[in-house]
Structure formats: C-alpha cells, structure tokens
1. Of the residues LEU346, LEU320, which single one is in contact with a helix residue (DSSP H, G or I) (Cβ under 7 Å, 6 or more places away or on another chain), under 30 Å from VAL664 (Cβ atoms), in contact (Cβ under 8 Å) with a residue 60 or more places away in the chain and not in a strand (DSSP E or B)?
2. ILE242 fails exactly one of the following numbered conditions: (1) over 30 Å from THR1025 (Cα atoms); (2) crowded, with 24+ Cβ neighbours inside 10 Å; (3) more than 12 Å from the chain's Cα centre (by Cα); (4) hydrophobic (A, V, I, L, M, F, W, C). What is the number of that condition?
3. From the list SER662, SER668, SER695, which residue is in contact with a Ser or Thr (Cβ under 9 Å, 6 or more places away or on another chain), among the hydroxyl-bearing types (Ser, Thr, Tyr) and over 30 Å from ASP606 (Cα atoms)?
4. For the stretch 507-534, which residues satisfy the criterion of being free of Cβ contacts under 8 Å to residues at least 60 places away in the same chain and of a type in the set (Gly, Ala, Ser)?
5. From the list VAL452, VAL430, which one is within 30 Å of LYS489 (Cα to Cα) and in a strand (DSSP E or B)?
6. Among (1) in contact (Cβ under 8 Å) with a residue 24 or more places away in the chain; (2) surrounded by fewer than 20 Cβ atoms within 10 Å (Cβ to Cβ); (3) touching a Pro at 6+ places or on another chain (Cβ under 6 Å), there is one condition ALA663 misses while meeting the rest; what is its number?
7. Looking only at strands (runs of 3 or more DSSP E) that lie completely in the stretch 53-93, which have at least 2 residues being touching a helix residue (DSSP H, G or I) at 6+ places or on another chain (Cβ under 8 Å) and either farther than 21 Å from THR428 by Cα or among the aromatic types (Phe, Trp, Tyr) (or both)?
8. In the stretch 554-586, what residues are of a type in the set (Phe, Trp, Tyr) and surrounded by 15 or more Cβ atoms within 10 Å (Cβ to Cβ)?
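The values are calculated or read from the model by the stated rules, or taken from the named source; none is laboratory data. Keep in mind that this is a model prediction, so the values were computed, not measured. Don't worry about glycine lacking a Cβ; one is built from the backbone with ideal geometry, like all the others, and counts go over all protein chains shown.
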Amino acid sequence: MKRCIFPRALLSAAVVSAMGTAPVAFAQETSATIRGIVTGMDGKPVDNAKITVVHTPSNSRSEILSSDSGRFNLKGLRVGGPYTIRVQSDEGEEVLDGIYLSLGKPLTLPIDLADSELDTNGVEEVVVTAEAQIFSNRGSTSVFGEDQIANAATFNRDLKDVIRSNPLAVVSPDGNELSIAGTNPKYNSLTIDSVGINDTFGLQSNGYPTNRPPISLDAVEQISLSYAPFDARKGNFTGGNINAVTKSGTNEFHGSAYLESVPWSGTAEDDKLSDGTEYDIDNEEETYGATFSGPLIQDKLFFFTSYEKWEEEIEFNYNLNTLENHDVSVEELSRVLNIMQDVYGLSDSVGSAPDPDSDEKILVKLDWNISENHRADFTYSDQETRSAQNYTDSDGTLNLSSNLWTMAQDTTYYTAHLFSDWSDVFSTEVNLSYKEYEQASLTNSSWGEINVRTDNGTIVAGADENRHANILANEVWNFGVHGTYMAEKAQYRFGAEIEDTWNYNVYGRHASGTWSFDSIDDFENRVIGDFQYSNAYTNNVDDIAYDVNGKTYSLYGDVTLEPFSGFELVAGLRYETLTVDDAPNRNSHFEETYGYANNENLDGRDIWLPRVSFNWNLRDDLTLRGGMGRFSGGMPLVWVANAYTNDGTTKDSVYLTDLDPSAVNFTSVPQVAMDTLAPGAGSTNSIDPDFELPSDWRYQLAVDYAFDIPGVGEGFNWTTELTYVDRQDSVFWRDLSRVDNGDRTVDGGRIIWDNVYAGTEYEDNYDLELTNVDDGGRSIIWSTSLDKTFENGLSLNLSYVHQDITEVNPGTSSTAESNFQYEVVENRNVPLEDTAYYEIEHRFVLNLGYRKEFVPGYATNFNLFLERRSGRPFSWTLGAYRDGDLGDQTNFDDSDVYLAYIPSGADDPAMDFENGLSYAEIMEIAKAAGVSGAAGGFVDKYSDNMPWVTTMDLAITQEVPGLLPEHRGVVYLTIDNFANLLNDDWGKVYDIQYPQQILFDYDVNEDGQYVYYEPFGGLNTKNYTRFQAEESTWRVKLGLKYNF
C-alpha cells in the first residue's frame, strides 16, 4: 500500500489551473466533485476498483467502483476538506491524505496502482493540499477559500471586498457597484447555496436586495467568480456569475465571536477643486457577531449557525431645541405646531436625530449524512436592514416627526439539496429553494405631505410624497433536478429547472395628496398654495401596481469526451422559455395611433444557448483551453414592469391652486380631486411585440503555464486569456411618437424631430418602447496574471487586464424615461455604438500576502490589496435647458446628452458664429478639451476618461493565546485607503458624477444652424468635477475575535 500526502510543490501547479478544467460548474452548484481513472500494469484500466472518499472533519463517506474503463466520478461532496481518498483493488492500494476540494471544480486524479509514486498532472490539478489554501485568481475565473476570505482587506465585510481581487471585477470607489468585464452591474448573478440573491426587481445599485451585503463573511466557506463558464447548467446572467457556499458543521464543536469598530479616520483635503478645503470624516460604525457549529448526531447530522449585527451612526448637525443656524426659527416652529393642533386637530413634534442605520442577519445550516450514497443539506437565512430617512439635514428644510420614515428591507430564504449516488455510474442532485423579499416605507403618519413656507425656510410634515404608496415585494421558488451518467468513454450531464417568480410593486407618488402653503398665515387660514394628487382613475392605488407572476423553464444537457489522452471536450445545450400570466392594461389610444396593442408581456419568449469548451494538457506544465457559448439573462424586471405601471390610461393626476377651505383635510383626499381623475391618454411605456431576449456570444482562448525560476523559486503560475464577446439583441429604448419629416441641421447630421401628436392636446406626449438593437456592441478583453507562493510565507498574485468594449445603451436606470433621456447620442432614436459606459481600459491588481509565526504557534498575517486603474469614460456634450430645438418634449429637453459638433472651419455653414461664440472661441475650447481633432463632425461617444484611480488597502491579523490550548484569539486591523495614510496626497478620488462634461450650451436657429454659448455656470475642460471626500481619506477598523 502507498500513502501520499501531496507535497507543497504541487500547490502552485494546483492553483494555476484551478479554473481550467472543463466542465467548470460555478453558478448554481454548491458541492465538489472527484473524478479520475484507475490504471494498473502496463497502464491498462482497472475495473471494479473500490474508491472510498472520507471528509475527515465530519466522517462523511462516499464509495464507488470504477467502471470497465477504469473511470470513476464522485459528486455532491462538501467543498473544503481535508479528505482522505482510498483506492483498493487486486492490483494494489493507494491512500491520499490532506485533500481539499474547490467549489464546483472537479478534482481529476489519475491513479496508477502500478507506480510507486503518485503521478498527478500538475497543471490539471484543482486541489490544494496540506493546508486549506483554496485559492485561484486569474482572468475570467476565481475561487476564494476560507483563509483568503478571513485574511483579506474586507473593510466593508462585503463579498465585493473579496471578489475585487479578480482582474475583471471592478468595484466603484464607494464600494457600491460591481462591474465584471465592463458590463452593467445589473446583469450579474449572485447565488448563495444555489439561491439567487440578486436584486430581483432591479432598483438597487449594489446588486443586492438590500442596502447591505446579504451574508456575513464569517458564514462563507468559499466564493467563486466566473465570466465565461462554458457549462450548460449556467443561466440567468450576461455579466459575471458569483457563487458563495456557506460553512457546515463537523464532528467537533467550533465557534467564534467578534467585534469591530472604526476608531480612527483621517481628514480629506480637496486641493484641486478648492484651495485645500478639508472634510472631517466620521465613520461611527460597529459590527458584532458570532458563529457556532457542531454535531447533532455524530457522523450523521451537523449544524452551523451565524449571527451578525451592524450599526452606523448618522451624522446629525442640528440642535432641534434651539434650531441654531437653521433657516426656520423656534417661533415659527411653535406656531406651526399649535396650528396643527388647534386648526387641524393633529399632534406633531419637531422630530429627532435619526436612529442608526442597521443590518441584522442570521443563518442556520443543517447537513445530513443519510447514508454513504445519500447526503442532504438545508439552509435558512434572514436579513433585516433599516435606514432612517427624511430627518433634518439641510438649513432650509425642517422635517417634523410626522414626516420621518424608515426604509425597511427584509430578505428571507430557504434552500435544500439532496445528493444521491444511485449506482457507480449514475448520480443526481435535487434542489429546492424559496426566497421572499419586501421593501417597505415605515412612515410616522398616514397624512398627506404638508409643506409650509416660512420667512426663510420650509417646514415639512405628513408622510413623504414619495411614500404614500411605495412597496416592493417578490417571491421566488426554484426547483431543479440534475443528473450525471458515466458511460464507458463519456460523461453525460442533464437537468431541468423551474423558477416561479412573483413580483409586486406599487409606487403612488401624491396618492395621499401633497399640500403646499405659501405662508404660515395661509396655513392657519386653510388657504392652499397648491395641491397635488395622483392615483389610478379608480382612486384605488392597487390599480397602478405591478402584480405579475412569471415562470422560467430550463432544460440542459452536455457530454464530456476525451478523444485522446490529455484532451477533454465538453459540448452542451441549454434551453429557456418564459411564461407570464398577466399583461399591461390595453390602451386604445395607443393602439389607434400605432396600429398594434401596448400589452406585450414577453410570454412565450424562448432562447437556445449552445456551449462548447476544451481543455488540452499539452505537457505536465502547459495547458491550452478555450470555448464558445451563448449566454442570456439578468435583465432587470423593472424594465418590464414599466409597461404595466405606465400604460398611459390607468394613472391620472390633478393639480389645484384653489380649494374650498372646508376641504383642506390632511387625513383624506378632497372629493373634488378624486372626482377629477379619469381614464387618460397620457405618455406610455411599452414593450416591442417583436422583442427578443438579449444575449451574447462569448469566445475564449487561454494558456496556463507552470514554471520555475532558478535562484528565485519553483512553482510560478502564469495564465493569459483572450475573450471576445458579441452582443445580440441588446436592449434599446425608442420614442414611437417621433416622426422624421426630413428636417435636419445644416450639417445634415442631426434629425429635427416632429411628433405624431403635433397640433393636438397630446403634442407633448411620448411613447417609449423597450426594443432591441441588432448589433449591441462587442468586447475584446485580454488578461494575464502571475501567481506564486514562496516557502517563507510570502505569496503574490499579480494581474493586468485590458478592455476594449463598445455598446449602444448601458441601461443604467430603472425607468424607461431615464434610460432614453440620458443615453449619449448624436440623434435620439438612432442607435450609436461606441465606447461602453463601464469600460475600464487598463487595470493592474496586486494581491500580496505574508504569513509568519513570529511567536511559535501564533500566526501573523499581512495582506495588501493594490489596484491601479484608468478612470471611467465620459462624453463631451452640449448643455441643454428647455431646448426643444431638436424635437425633444419637455420631459427630455433639459438633458445634456447630445454629442458636440465641432466646426470644420470659420466658414462652416452648420454654425452661426454671429449670434454665439466665434469660430476662434469655439476652437480654443475644443483644443482645451482635446477634441479639436473631431472638426467637421461629432465628438466620439465616451471619448475621454476620468482620472486614474488608485486603491490600496491593508489587513493585519495577529493570533493570540486563548483560554484553552486549542483556542485562539485574533486581533486585526483593516486600513482602508492605506495609500492616503502613507501620504495625504495619495488615494484621492476625483470624478464626474454623471459622465457628461458640457462643452457648449447650444441653440438651433431657424435655419438649422448651431449657435454655441459658454456653458451656464462656466466652462470646465478638466476630466473631473467632483471630489469624493469619504473615499479620499484613510480609515482604520479594529477587530477582536475569539475562535474556539
């Protein structure tokens, strides 16, 4: 018998190909796989060899016999380890100890019972042994194990703090947005224990259901990220795919308790937009939590629990007793409160300082070893996030207690898996999950909003006008059955999934009425300045709600072949189809105007998603891999909901400037206002009846190489990837009401639109349709990375990525109006493909770690994250204020999105130099902005970039003795923006909030010529307009943890 503990020398070779094997299953899988072939004398396959796999901490066991071809495949195993693998046969026996498995990545073991040494393919191995160092980080794929998560510089305790180590994963400076490979963050998919924890509806900018991360990092066993997994099981994303698996209990009781706070922070100094203005940054936040795990029944049933609570104080700078430095006086406040009581019979108060923002989450997981052939798990998670709103935060507005409200976001999910080995060649996985989410506005009153003008300010009472009816809720059920069958020379995988999604959203601004009074005297005498009311014409706010149930049915299958030794080929196909049980209300006025109905709901849409990939081990140290496939999904449901909530007929509004004083009652809507509402013929949102599901084709070729450098070290791992993406049927918004009558600006490049409603009472209407554009852009992404772990405890991962990405409309908003209005264009309604909104042309990433026991038995860890990347792109545009010269309706005539035209010369007939800026003045500005080369045409879309961004964060952890020998305490520091701590001129963030920089204000005269003026508020030809103070200074988080 041979016994082998994998040597450290294999560690680097294991890491380099961690994402290279095919198929690679990340998106929905929660388990690991071991596969391989057993050979004996003369390299012949050994059949009926007994392979026993034991997860040592839980004593979970799985057994299988090799097939006639010597092959074996064990699925549904726990991630992590350590594992012991025993292979027994008449031809010999072999035992492998200290094996760790990674999420969704098959460990391939060629077992040669005739060899005295274990002959593993170093490049193919996806296992890290001897220590639980599960880690792989390169171009389009990454896996982060428990140690990497625990030691990373995770100041925000967010999954994104870990994921950003991948070269394609770009996190915004405020830690909010995550763009993977230059795609819209809304297109990412996030799963935890196979449950989709995305922002299902699409309102959150952080990609999560709530304002806070959905899970405690202390509950996470592994995190994987993939951008091009050519696996037919993957679905529901056209961005990146993030998958997290939670920890499990073992045969021993373990636990931890921790406390974190931010005791120190620096001062941000703006030395570019001001003369050294300083901002004191207070970050009074605290996090505490605990985990506990162990056996309920030894070897059989295990539990893991996690609890975490986060609070952050909100900066509040007003003394509400004296109202010092506020525009509202104590006397005015007292008078308004007395009138509220005496005239209207309502009690109110000045309000209070806001409660801290908070987030609380709990997780419970059970693992059940039913038998050697069957294993199950169950996870429950609950998260409650609260954030205070409408507290007094400006000198001009005083918010009374009745106007305060709290954003309440609650997420709960349950998930269960059953893993079964029915024979040596057939295994299944059954998964069932349920997620429910609700976002509600917890108002302090049910009155309409009340605005009372004082001499120099405003007092606001009653429920906020946007909270009169504002609820978002969704429930998602998912059921899936997946199977794997091992034939003699092929592996077949197949499965089916059903996802049932219910969404409810109601937004009734002014649904309880919004009252304004021009003075306190008018307030006392019930004399309104104006009154606004908006609702369904039935006066039932539920009639404007989006209340829709839809189902997605998915089927997939793939086959894995090995045509010749060392070459693995995977080919698969996925099919998805949608059913929707409700449709937008039909608008007869729309149908009469355009000849078709506005009630498209995407019911019956389907798509085929073929995929193929290969993995070719050219040598023990060199692998060539690649693939191609089609991906679809991730489109926010809110884009579909817009057609339901803006059908142009159900919602109506009334604006009154005169009302009988007897009807002024804040607890009800005046009858005259309700009687005024009627079915309308307003502006609409709709979906193109020929709408196709957006998708993209991804093509990738990659090389992995393991090598030594004499005198420096062994086990360097280098990888390089080239990825090409072709977008098809990308989303686009067009205004159906626009009519091209041939009118153009003199240069001929700009359409001067007419309107289908011209000359009617609806001439300012618009009808926005969600449709497709055939050519939605493309991506060319090249990445390269180098990885090395040294014997002295030093480790590094260095990577670079270059992006060249084009698109038409980035879809950054939740509303059709904003996605149409703020798309940078030469002409509205005309798709313009150019540089993408989220493109990061260059990005360098360094992950540097050092582990050392300065005191024997107690480890010290230093982990540095360093990022240097080019800034986001922005466009040079024309400034607009009520400029309808190109046919824009009043809703769109204030948007600064028209690309600037640069005159070809002093005699350019497209320009009116006499009534605006002269040619010399225009060209001086163009040269200052660096766009004079566009003379005679339009400046390119997103042709310039904001300043480069540098991020440097440092984490230091130190183990200390515990109460018992096996216990450990941990003291840790996380320094956010460590570069700024080293030098207060470093680590500053300057950008442009909205990525348009105004070059000229403009008009179009009667002759169709441009008339340019200097921008209102002054010209700025810099590539920044904003200093982000909170992101431009250092902060230190101190943490204490006890592990037992």
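1. Values: LEU320 fails: in contact with a helix residue (DSSP H, G or I) (Cβ under 7 Å, 6 or more places away or on another chain).
From the options LEU346, LEU320, the qualifying one is LEU346.
2. Tallying (1) over 30 Å from THR1025 (Cα atoms); (2) crowded, with 24+ Cβ neighbours inside 10 Å; (3) more than 12 Å from the chain's Cα centre (by Cα); (4) hydrophobic (A, V, I, L, M, F, W, C), ILE242 fails exactly one: (3).
3. On the way: SER662 fails: in contact with a Ser or Thr (Cβ under 9 Å, 6 or more places away or on another chain); SER695 fails: over 30 Å from ASP606 (Cα atoms).
Exactly one residue qualifies, and that residue is SER668.
4. Passing the criteria: GLY508, ALA511.
5. Checking each option against the conditions leaves just VAL430.
6. Of everything listed in (1) in contact (Cβ under 8 Å) with a residue 24 or more places away in the chain; (2) surrounded by fewer than 20 Cβ atoms within 10 Å (Cβ to Cβ); (3) touching a Pro at 6+ places or on another chain (Cβ under 6 Å), ALA663 misses just condition (1).
7. The strands (runs of 3 or more DSSP E) meeting that bar number zero.
8. Scanning the stretch 554-586 gives TYR556, TYR575.
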